[in-house]
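Below: one structure, written as structure tokens.
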Amino acid sequence: MKRFLTGTGYVIVLLGFFSLRVYFNTPLFFDLLILLFCCLGTFEMCRALQDRIDLVQKVLVQIFSAGIIACYCVSDAVYKYLRVSDPSIVNYSPNLTFVVFMCAVSVLLSLLVFRHEKTSLASACCSLLALVYPCIFLLVLCGVNHMPAYSEIGILFVFAICPFSDCFAYLFGKLLGKKLPMKMAPNVSPNKTVIGGLGGLLGGAIGAIALFYAYFFLEKVGILPQYEIFSHPVNLVFFTGLGVLTSAFAELGDLVESAFKRRLGIKDMGKILPGHGGILDRIDSSLYACLIVCFVLVLRIMIAG
């Protein structure tokens, strides 16, 4: 019951921020949710690393991870505001964000000099890991949120395909796992089977088809923005393929976090979500899913407009 209630609350929060984004036609509302994910996820990662990094490193990682997300979101919003009056303005948001990221890396590495006795090479590497995961992955999600086109589709793919994939992976594993017991990654997640993974891919395809028709309907009634991609039924193939790829990356993201937890000797990354664990336990699949969604949709914009 706790897991169900927590999952329902999580979906309501996602839909709430997504609705605000669509209604006010600005990515900043969903940026706030991503920033919240970043702050909580980074805190969980730092806590999971325990004494592998000290308090100073944890504080710096927390500050810089939030700063990286905020820098991109704010600078891109300012660019779009200025571009209305001057279309010739160049968008330097990625450049500024990269500089902030490199400043974070430089400061964390500089601790090897200024706190030589308290900072080991191992702790420096762990602090860099906490900086990258989940912050840089969520930065890609910010990129999806700020795309000039298909941003709503991208967000829906990241957060809608993963549940479809999880459900079908569970069903296939439950029904066929004993007959086809081959493990996907026995040393990392012994309960996950290859047949369950294949079921997850099927779930991704089915979820993408459902998303295609759901978006088409909401587009027709004027709730979501209109895109030419829905005017050609052949694009259903594109959706289905992206659904399969998104599911594959989501499964990989889940395995990566399982590897983290196994290496760190913990069951969950946190306790903020009863029945689920921490924020990272909830969004681990989405962190990897946003990579392929961003890549494919940006590629489509570059090729087809």
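Net charge near residue 152, counting Lys/Arg +1 and Asp/Glu -1 over other residues with Cβ under 11 Å of its Cβ?
0
What translational diffusion coefficient, to the nearest whole µm²/s, does region 203-305 have by Stokes-Einstein, given a Kirkwood radius computed over alpha-carbon pairs, a temperature of 25 °C and 0.890 mPa s viscosity?
Translational D for this selection: 158 µm²/s.
Taking amide H positions as placed 1.01 Å from N in the peptide plane, with prolines and chain starts having none, which residues 5 or more places from residue 193, or on another chain, fall under 5 Å of its amide H?
Under 5 Å from the amide H of residue 193 lie the amide H atoms of 184, each far enough along the sequence or on another chain.
Label 7 Å along Cα→Cβ of residue 70; region 20-43 residues with amide nitrogen under 20 Å?
Within reach of a label on residue 70, which here means backbone N under 20 Å from a point 7 Å along Cα→Cβ, region 20-43 contributes 27-43.
Which helices pass in the chain if a helix is a full DSSP H run, must span at least 30 angstrom along its long axis by Cα, and must have mean Kyte-Doolittle hydropathy not below -0.5?
Answer set is 2-24, 28-49, 55-85, 93-114, 151-176, 194-220, 235-264, 279-304.
Please give the direction-averaged projected area of the C-alpha convex hull for region 182-235, in square nanometres with one decimal.
Computing the convex hull of the Cα atoms and averaging its projections yields 5.2 nm².
Please report, to two decimal places, log10 I(q)/I(0) for the chain at q = 0.12, 0.15, 0.16 Å⁻¹ as given by the Debye formula with identical point scatterers on the Cα atoms and no solvent.
Values, matching the q order: -0.86, -1.27, -1.39.
With r defined as the distance between the Cβ atoms of residue 223 and residue 268 and R0 fixed at 35 Å, what FRET efficiency is calculated, to the nearest 0.05?
My answer for the efficiency is 0.45.
Under the classification rounded if a/c is under 1.5, otherwise prolate if a/b is larger than b/c and oblate if not, where does region 99-176 fall, given a ≥ b ≥ c as square roots of the Cα gyration tensor eigenvalues?
Verdict is oblate for region 99-176.
For the ranges 63-71, 283-291, 179-187, what's the packing order if you count other beta-carbon atoms within 10 Å of each residue, average per peptide, and put the highest first?
Descending mean neighbour count gives 283-291, 63-71, 179-187.
Looking at 77, 168, 211, which one has the Cα that reaches farthest to the positive end of the dipole of the chain (charges on Cβ: Lys, Arg +1; Asp, Glu -1)?
The one lying farthest along the dipole's positive direction is 168.
Using a Gaussian network model on the chain with a 10 Å cutoff between Cα atoms, which of 212, 238, 114 fluctuates the most?
In this elastic network of the chain, the residue with the biggest mean-square fluctuation among 212, 238, 114 is 114.
Using the Cα centre of region 168-258 as the reference point, and only Cβ charges (+1 on K/R, -1 on D/E), how large is the resulting charge dipole? Debye, rounded to the nearest 20.
Charge dipole, region 168-258, about its Cα centre: 480 debye, nearest 20.
Which of the trypsin sites (Lys or Arg not before Pro) across region 265-303 are loop residues per DSSP, with 15 or fewer other Cβ within 10 Å?
Passing both the DSSP loop test and the Cβ count: 267, 271.
What residue among 40, 201, 109 shows peak mean-square fluctuation when the chain is described by a Gaussian network model with Cα springs under 10 Å?
Comparing 40, 201, 109 in a Gaussian network model of the chain, the most mobile one is 109.
If the elastic network links every pair of Cα atoms under 10 Å, which of 241, 143, 275 fluctuates the most in the Gaussian network model of the chain?
Result: 275 has the largest fluctuation of those listed.
If you keep only loop residues by DSSP, which GluC sites (Glu not before Pro) in region 185-254 have at most 10 other Cβ atoms within 10 Å of their Cβ?
Filter output for region 185-254: empty list.
To make sure I understand the rule: partners must be lysines, Cα under 25 Å from the Cα of residue 183, and not fewer than 8 residues away in the same chain. Which ones qualify?
Straight-line reach from residue 183, under 25 Å: 174, 192, 261, 267.
Once you sort the root eigenvalues of the Cα gyration tensor of region 144-240 as a ≥ b ≥ c, which label holds: rounded (a/c under 1.5), prolate (a/b larger than b/c) or oblate (the other case)?
prolate
With only Lys, Arg, Asp and Glu charged, each at its Cβ (+1 for the first two, -1 for the last two), find how big the charge dipole of the chain is about the Cα centre; round to the nearest 20 debye.
Around 880 debye, computed over the chain.
Taking Rh as the Kirkwood radius, which is the inverse of the mean 1/r over Cα pairs, what is the Rg/Rh value for region 22-179?
Radius of gyration relative to Kirkwood radius: 1.09.
Need the full-extension length gain, residue 88 to residue 109, defined as separation in residues times 0.36 nm minus the C-alpha distance. One decimal, nm.
Length difference between fully extended and current span is 3.7 nm.
Kindly provide the helix-only [θ] at 222 nm of the chain, computed as the sum of -39,500 (n - 2.57) over DSSP H runs of four or more divided by all residues, to the nearest 500 deg cm²/dmol?
Calculated from helices alone, the mean residue ellipticity at 222 nm is -26500 deg cm²/dmol.
What does the charge dipole of region 9-72 about its Cα centre add up to, to the nearest 20 debye, if the Cβ of each Lys and Arg holds +1 and the Cβ of each Asp and Glu holds -1?
The dipole magnitude comes to about 60 debye.
Only the coordinates and a few stated rules stand behind these numbers; no lab work does. Model, not experiment: these values are computed from the prediction. When we count neighbours, we look across all protein chains shown, and the Cβ atoms used for this are built from the backbone with ideal geometry, even at glycine.
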